[in-house]
Amino acid sequence: LRRDYGTLRTGKVNPATLDNITNDYYGAQTALSQVATILYPDATTINISPWEKNLVKDIEQAITQANIGVNPNNNGESVQLFFPPMTV
């Protein structure tokens, strides 16, 4: 329950949103934070820059399969997640 509450949004993106997403990295399921730099440039955007550029497609597929409510955008070097603004 505590983990589920940690993924709720309260006005800005929450880093815990990506905690349960893993990626196949040389045969081992590895957390995104272990294979990429995760930045939060503003309240509604997450930018995931993998350390190895060949992982971009794999990360995009892992996020799509995780079904976190956003579609990943791949620009060839990183994956961006644009969360819709909160409504009242």
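All of the numbers you see were taken from the coordinates with simple rules; none came from a lab. Small disclaimer: the values here were computed from a predicted structure and weren't measured. Backbone-built Cβ (ideal geometry, glycine too); neighbour counts: all protein chains shown.
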Rounded to the nearest 10 degrees, the helix 56-66 long axis (Cα) sits at an angle to the longest Cα principal axis of the chain of 50 degrees
Semi-axes of the chain from the Cα gyration tensor (sqrt of 5 times each eigenvalue, largest first, whole Å) come to 22, 15, 11
Per-residue ellipticity at 222 nm attributable to helices in the chain (runs of n ≥ 4 DSSP H, -39500 (n - 2.57) apiece, nearest 500 deg cm²/dmol) works out to -5000 deg cm²/dmol
Extend 7 Å from the Cα of ASN20 along its Cα-to-C-beta direction; within the range 54-77, residues with backbone N under 20 Å of that point are 59-72
